[in-house]
Amino acid sequence: MLEGADGIVADAGPSPDHQELAERLSVRFQTQGFASLNSMIFAKAKMGAMVMTGLAFFVWMSVFFRQSLSTEVDTILLGFHFHHVALLVGALAFFAAVFSELGNELGRALPGLLAGPMQVVAFIYALEPLITGFTSDALAVETGLWRTGRLVAIVVGSTVGARMIMEAFFLVWLRDFCDYNGIDPRPSHVPAMMSPVEDLLEVEDVLS
């Protein structure tokens, strides 16, 4: 909000960062009006929830249900048991995807610094049973392959589910932003970023 010489308060419009984010999101998702945007939000949220629910069921059936949870150490990395590794890998993959989406869309370095190590650790934990099966007698190759397969499925499911959920939240933000600023949420209608000179001239026109 800016106050002119005559005391009239004028709205300076959305911030450049928000305007740039709205432009990127409208191009990324190719939004076609509010009706299309609402449908996309519903579809993304529904699919993300379905993926995460299916993943939880898969983990329960393949890791916990009628499985003899060993009391011996199943991994050389921090001495975790396999069922603990399955939960850890899922959490790491989920939050890595969340931070990746945030860092990519917001243009921030910190989320990327957090997502990178999480993805590496999840990848190492997923491959560790298979590598152990081939390189030592502590684990049979078939057992290592079965464990790695389940962990890879957990990583993929967590990543896909997290990305869909984040996309739904980004679309909600885009809808609210466009509705508040009276913008048609289409790539051709969302205004592109103005240069600093153009921005200054527009503010001067409002105040004059």
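No lab work stands behind these numbers, since they all come straight from the coordinates. None of these values were measured; they are calculated from a predicted model. Cβ atoms come from the backbone with ideal geometry, glycine included; neighbour counts cover every protein chain shown.
If you take the residues in segment 178-189 that are in a helix (DSSP H, G or I) and touching a residue at least 24 places away in the same chain (Cβ under 8 Å), which one is nearest to R28 (Cα to Cα)?
Here is the first cut: in segment 178-189, the ones in a helix (DSSP H, G or I) are 178-181.
Next, only the ones that are touching a residue at least 24 places away in the same chain (Cβ under 8 Å) stay: 178-179, 181.
On the way: C178: 15, D179: 19, N181: 20 Å.
Step by step, filter segment 178-189, then rank; the result is C178.
Do any residues in segment 19-32 that are closer than 18 Å to F169 by Cβ have Cβ atoms under 8 Å from those of residues that are among the hydroxyl-bearing types (S, T, Y) and surrounded by 15 or more Cβ atoms within 10 Å (Cβ to Cβ), where the two are at least six apart or on different chains, and which pairs are they?
The qualifying pairs are L25/T31.
What pairs come up if the first residue lies in segment 89-111 and is free of Cβ contacts under 8 Å to residues at least 12 places away in the same chain and on the phi > 0 side of the Ramachandran plot, the second is surrounded by fewer than 14 Cβ atoms within 10 Å (Cβ to Cβ) and among the charged types (D, E, K, R), and their beta carbons are under 9 Å apart, counting only those six or more places apart or on different chains?
G107/D17
Within segment 119-135, identify whether any single residue is in a helix (DSSP H, G or I) and under 14 Å from the mean Cα position of the chain (by Cα), and answer yes or no. Even if it seems obvious, please write down each step before you answer.
Filtering segment 119-135 down to residues in a helix (DSSP H, G or I) leaves 119-135.
Cutting the leftovers down to under 14 Å from the mean Cα position of the chain (by Cα) gives us 119.
Within segment 119-135 (the criterion being in a helix (DSSP H, G or I) and under 14 Å from the mean Cα position of the chain (by Cα)), the answer is yes, since at least one residue qualifies.
Which is within 23 Å of M61 (Cα to Cα), part of a helix (DSSP H, G or I) and either in contact (Cβ under 8 Å) with a residue 60 or more places away in the chain or in contact with a strand residue (DSSP E or B) (Cβ under 7 Å, 6 or more places away or on another chain) (or both), of R150, R163, R175?
Values: R163 fails: within 23 Å of M61 (Cα to Cα); R175 fails: within 23 Å of M61 (Cα to Cα).
Going through R150, R163, R175 in turn, just one is within 23 Å of M61 (Cα to Cα), part of a helix (DSSP H, G or I) and either in contact (Cβ under 8 Å) with a residue 60 or more places away in the chain or in contact with a strand residue (DSSP E or B) (Cβ under 7 Å, 6 or more places away or on another chain) (or both): R150.
Only one residue in G103, G157 is crowded, with 17+ Cβ neighbours inside 10 Å, closer than 16 Å to F58 by Cα, within 18 Å of the chain's Cα centre (by Cα) and not aromatic (F, W, Y), so which one is that? Working first, answer last.
On the way: G103 fails: closer than 16 Å to F58 by Cα.
Of the residues listed, the single one that is crowded, with 17+ Cβ neighbours inside 10 Å, closer than 16 Å to F58 by Cα, within 18 Å of the chain's Cα centre (by Cα) and not aromatic (F, W, Y) is G157.
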